[in-house]
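Undergrad: Here you go, one structure.
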Amino acid sequence: MSSAAQEFLRAAAIKSVDLGHRQTIRRAIDHYEAAVEHTRGRFNDWEAARQRCHEIKWEALNHLGRYLVEFEGRVRARRGHVFWAETSEQAQQYITDLALRRGVRTVVKSKSMVTEEIHLRPGLERKGFKVFETDLGEFIVQLRNERPYHIMTPAMHLTRSEIADLFTEKLGGVDSDDPQGLVAVARRELRKAFFSAEMGVSGANFLVADSGMVALTTNEGNGRLGTSLPRIHVAVTGIEKVIPRIEDLAVLWPVVALSGTGQSLACYNTLIGGPRGPNETDGPEEFHVVLLDNGRSELLADAEQRDVLHCIRCGACLNACPVFRTIGGHTYATTYPGPIGSVLTPNLHAGGQFRHLPFASSLCGACTDVCPVKIDLHHHLLHNRRNIVGSAKGPMSEQIGFKLWRWAMLNSRRFAFLSLLARVALRVLYRLGLEGSMIDPMRPWTKVHAAPRIPGKSFRALWREQHGTS
Amino acid sequence: MEQADKHAQNPGRERILARIRAALREAAPQHQASSTAGAIFAAVPDALGRFQQECAGNNTECLVVPDMGAGTAAVATVLGSLPAGEIFVQDAPSLRSMTSMWHEGRTVRWSSEGGPTESSSATISLAETLVAQTGSIFVSAACGGRGASVVAPVHIVVAGLEQLVPDLPAAFARLRESGALAKNSYLCLITGSSRTADIEKIIVMGAHGPRRLVVVLALGSS
């Protein structure tokens, strides 16, 4: 077992019995689910919307090169720069070099999972740049020196009083744990950063090929300030974010808002196609788009799992996942937690140590049901399991166990005899009070759960009694 | 030539594109055929009524006025309710002709003099188009610049009924026809005033953008 897998099991065991954590997450997800339920009624046909989004992304991914080149050409025509990064290191290097060359001192960031993936903030900080996360949730986790808990709601795991304590300690000027007041403290703090920063870094929700525009969805307005005020704007994003036409946003924008936060539309849906134009009032002098591969083209080559790249990072599958709700976002120790993370991470660069993640699922399929672009998530978890097991033999105990199971299952008398033996043996064991002890063969379950009642009769015997035949 | 130079500085470009070409040699399973043929959204028959209703729901103050004359007075009333301070106004003939009516003693900074300052108490701009289905306002860089709709605590939009379209597909069609999509480096679809739900998923208004968004919608042009 890899050290990452051991750490995962350790963290999961702690988190799953943390009832305070569970209550915080439950409350946040209850709010989310109520909002989604309410807003979904605005769609005449939600299934048709999912289907349309799936088709848009299918078209884009299966002609990816063509749409990326079209997007690049249009950005260049507006005097923007496009850099293609094969790895995290190349992307980070390009941005830090740019900041050094242009004499940048302060960088304001808006929320972007790809900048987490390339570890941009620590990279910039190592070179001496001052970096501010400006999305409120990201700002909070930056102050706590944590990674985002959730791809849409980075500080989901914190209560208002914990945030109030954090602000009191780090910022001051906090008089209550009223969310309104806390937001005002963050606004005041970040306002200075917006007006002094020389570089703004954003992600991208979509890259619109036919218009050469980066589409950015935010609610707070931080993404708009960060892409308007500093003299350089860098948008960092994965190559899979491209979509063919601007009209596609007429369905993608409402869908990402509903699945992400239960809104009918996010407050600000921004389209940015270049630096300040010749007759425009304001805006950056330079506009750079960094297109990141970092293993995506390898995932693209897997036709079976290609649709994983359809993901629009709404976080709906995290909210729906019973495993995520129980073990929490930080336990995954990955940029992308939850079902999408368990499918994606083992396939991205340096994913080798995360091969345990596809097994951390009950395969209930709730993720697939809620995915707004219809990614077949739970089957991909199975595909990943198959790929991982297929390339390596399991532990010896597992190999022997399955051989024995197969042998028993191939003969009905043998199976009946062995299951009788098991029932009798377990009943005796449990009467002796040895439930969950080292000699209990069911120990992996019974050490943390009460044993189920051992039935007196086999299923076949019960069937015979009730139906008269076997 | 310049293009070729740029690509030469970025060898990753060709390698990524080659990997994509190789990856797509194997076709993905066709997407499942569409089982539902229903319209994703219902049609919007009464655009004005729907716009007002959506604005009420998303915290936008929508002031419907008979004409631009009444619109000028409505803007003056909103400005009168604000603390003293500079206001930033998009430099457009229609807005220039309105300023004489506005609150005395206020400094006006025009978009032709540069972007809004940090201390602006309100910004006033036109819009590209209004969307009834979601109660949204599409602005562009031409509407006073990027900062004009986000920097100040109050943003006032002056618009006419002819700018109102039923839904998002109609809005994109309008932006294509008018050339706004091609001409601007920046567009933004604004729906309500700035908010966040990052603390316990509780909605709080006025994060970094305007706390107050006012649309003055004139039914007639004169």
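Derivation of every value follows stated rules applied to the coordinates shown; laboratory data play no part. The structure displayed is predicted, hence computed values, not measured ones. Quick reminder, even Gly has a Cβ in these numbers, built from the backbone with ideal geometry, and neighbours come from all protein chains shown.
Undergrad: By the scheme Lys and Arg +1, Asp and Glu -1, what is the net charge of all other residues having a beta-carbon under 11 Å from that of A:Glu198?
TA: Around A:Glu198, the surrounding residues sum to +2.
Undergrad: Could you work out, residue by residue across A:278-286, how many beta carbons of other chains sit within 10 Å of that residue's beta carbon, and then give the average as an integer?
TA: 6
Undergrad: Hey, another quick one. Under 14 Å from the Cβ of B:Val150, count the other residues' Cβ atoms, weight Lys and Arg +1, Asp and Glu -1, and hand me the total.
TA: Around B:Val150, the surrounding residues sum to +4.
Undergrad: Then there is this: Just to confirm the number: angle between the C-alpha axis of helix B:12-23 and the first principal axis of chain B, 0 to 90 degrees, nearest 10?
TA: That helix lies at roughly 60 degrees to the long axis.
Undergrad: First select every other residue whose beta carbon is under 13 angstrom from the beta carbon of A:Pro358; then total the charges, Lys and Arg +1, Asp and Glu -1.
TA: So the environment of A:Pro358 carries a net charge of +3.
Undergrad: Any idea what angle helix B:68-80 forms with the longest principal axis of chain B, computed on alpha-carbon atoms, 0 to 90 degrees, nearest 10?
TA: Result, in degrees: 80.
Undergrad: Another one. Taking a cut-off of 20 Å between Cα atoms, list the lysines near A:Lys447, but don't count ones fewer than 8 places away on the same chain.
TA: Straight-line reach from A:Lys447, under 20 Å: A:Lys15.
Undergrad: Name the lysines eligible as straight-distance cross-link partners of A:Lys403: C-alpha to C-alpha under 18 Å, and not fewer than 8 places from it in the same chain.
TA: Qualifying lysines at Cα under 18 Å: A:Lys393.
Undergrad: Given the -39500 (n - 2.57) contribution per DSSP H run of 4+ residues, what per-residue ellipticity at 222 nm results for chain A, rounded to the nearest 500 deg cm²/dmol?
TA: It comes out at -15500 deg cm²/dmol, rounded to the nearest 500.
Undergrad: I'd like to compare B:51-60, A:248-257, A:170-179: which one has the highest average count of other Cβ atoms within 10 Å, and what's the full order after that?
TA: In descending order of packing, they fall as A:248-257, B:51-60, A:170-179.
Undergrad: Continuing with the same structure: Out of A:Cys367, A:Phe71, A:Met113, whose Cα points farthest toward the positive end of the dipole of chain A (charges: +1 Lys, Arg; -1 Asp, Glu; placed on Cβ)?
TA: Going by the Cα projections, it comes out as A:Cys367.
Undergrad: Continuing with this model, one more query. Would you work out which of B:Pro169, B:Ile87, B:Asn59 lies farthest towards the positive end of the dipole of segment B:47-218? Charges go on Cβ: Lys and Arg +1, Asp and Glu -1.
TA: B:Pro169
Undergrad: Let me ask something else. Which are the unpartnered cysteines of the protein assembly as shown, meaning those with no other cysteine Cβ under 4.7 Å from their Cβ?
TA: So, A:Cys53, A:Cys267, A:Cys311, A:Cys314, A:Cys321, A:Cys364, A:Cys371, B:Cys143, B:Cys188.
Undergrad: Under 26 Å between C-alpha atoms is the cut-off here; go through segment A:42-294 and count lysine pairs that meet it, provided they're at least eight residues apart or on different chains.
TA: For segment A:42-294, qualifying lysine pairs total 17.
Undergrad: Please compute the average number of Cβ atoms from other chains found within 10 Å of each residue's Cβ in peptide A:247-255.
TA: Across the residues of A:247-255, the mean count of other-chain Cβ atoms within 10 Å is 4.
Undergrad: Restricting to segment A:42-294, what percent of DSSP beta bridges are antiparallel, rounded to 5?
TA: Around 25 percent of the beta bridges assigned by DSSP in segment A:42-294 are antiparallel ones.
Undergrad: Turning to a different aspect of this structure: Let me know the mean shielding of A:176-184 by other chains, meaning the per-residue number of their Cβ atoms within 10 Å of its Cβ.
TA: Per residue, the number of nearby Cβ atoms from other chains is 4 on average.
Undergrad: Please list, or write none, the aspartates and glutamates whose alpha carbon is within less than 17 Å of the alpha carbon of A:Lys374, excluding same-chain residues fewer than 8 places away.
TA: Answer for A:Lys374, where 17 Å is the Cα cut-off: A:Asp45, A:Glu47, A:Glu55, A:Glu59, A:Glu240, A:Asp248, A:Glu304, A:Asp307, listed by chain and number.
Undergrad: I'd like the distance between the alpha-carbon centres of segment A:228-280 and segment B:102-143, rounded to an integer number of Å.
TA: 21 Å
Undergrad: I've got another one for you. In degrees from 0 to 90, rounded to the nearest 10, what is the angle of the helix B:47-58 Cα long axis to the longest principal axis of chain B?
TA: Helix B:47-58 and the main axis of chain B meet at about 90 degrees.
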